[in-house]
Every structure is written in structure tokens, then in C-alpha cells.
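A short write-up of the structure that comes next.
Every read-out reported here was derived from the displayed coordinates using simple, explicitly stated rules and does not represent laboratory data. Only a predicted model underlies this, so the values are computations on that prediction, with no experimental measurement involved. All Cβ positions, even for glycine, are placed from backbone atoms using ideal geometry, and neighbour counts span all protein chains on display.
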Amino acid sequence: MAFDMFLGEGGRDGIGHHEEFIFPLAQGDEARYPELVALAREFHDDPRISAARANRLVHELIELLVSNGGAGNKPLATVVLRLAAFFGAAHRTGQDIRCRSD
């Protein structure tokens with residue numbers, strides 16, 4: 001993975017090199033996707049994502065999907081749904097996500 005994310009004791013996900021295409025989609029509209037754009041900027045700095053920020057990312061990811069073809073955009077839908085579930089778990093449990101990039 002290009003960007004590994006860790007939640008609690010065993011939760012792990014990430015954003016692979018082939019999934020980084022989500023960031024240019026968001027960067028085209030920074031006002032609508034401020035958290036995604038910020039995450040793209042911090043991508044190589046091993047950020048820590050708070051539970052509150054994870055919740056905002058869930059909403060931005062859903063909006064990104066809706067604005068880019070919805071469920072008909074299978075590559076984007078696959079990434080968004082997986083990441084939304086992971087970020088949602090962080091929010092529900094009140095845990096920060098620790099990140100590491102290569």
C-alpha cells in the first residue's frame with residue numbers, strides 16, 4: 001500500500017498507488033472537499049486522523065462518489081465504500097487513525 005492506516009489493535013486499511021486517483025478528483029474543488037485535499041497534501045507526512053476528521057472524510061467521500069458517476073463508477077465506488085467504512089469505524093469508536101506512507 002502507498003498509504004497504510006491503522007485503527008486500534010487490529011484495524012488496518014490503506015490507499016494503494018492505484019487508488020490515489022481519488023485525490024485529483026477532490027483537488028478540482030477544494031471548497032467542497034477540504035479534508036480530502038488536506039489529506040492529499042499530508043499524504044507523505046504520516047498524518048494522524050482524528051475521529052472527528054474521519055467523519056468529515058466519510059461525508060466528503062460520499063459526495064465525491066455522487067459527483068463522479070455514483071455507483072456506476074465502479075473503480076471509485078469500490079474505493080469510496082471501503083474507505084468510508086474504515087473512517088466510519090474510527091468515528092463510531094472515537095479512535096484516531098495512525099497513518100504511514102511509503
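Numerical summary
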quantity: Ala2 long-range amide H proximity, modeled H, under 5 Å; calculated: Ile15, Gly16, His17
quantity: log₁₀ of I(q)/I(0) at q = 0.15, 0.16, 0.23 Å⁻¹ - the stretch 3-101, Debye sum with one point per alpha carbon; calculated: -0.53, -0.61, -1.31
quantity: Neighbour-limited loop hits for trypsin sites (Lys or Arg not before Pro), the chain (at most 15 other Cβ within 10 Å; DSSP other than H, G, I, E, B); calculated: Arg32
quantity: At most 13 other Cβ within 10 Å, DSSP loop - chymotrypsin sites (Phe, Trp or Tyr not before Pro), the stretch 1-38; calculated: Phe21
quantity: Under 14 Å, Cβ to Cβ, from Lys74 - net charge with Lys/Arg +1 and Asp/Glu -1; calculated: 0
quantity: Spin-label model distance (nm) - Glu63 vs Asp29, 7 Å beyond Cα toward Cβ; calculated: 0.8
quantity: Relative contact order (%) - the chain, alpha-carbon pairs under 8 angstrom, separation at least six; calculated: 40
quantity: Kyte-Doolittle at least 0.5, axis length at least 18 Å by Cα - qualifying DSSP helices, the chain; calculated: 51-67, 74-93
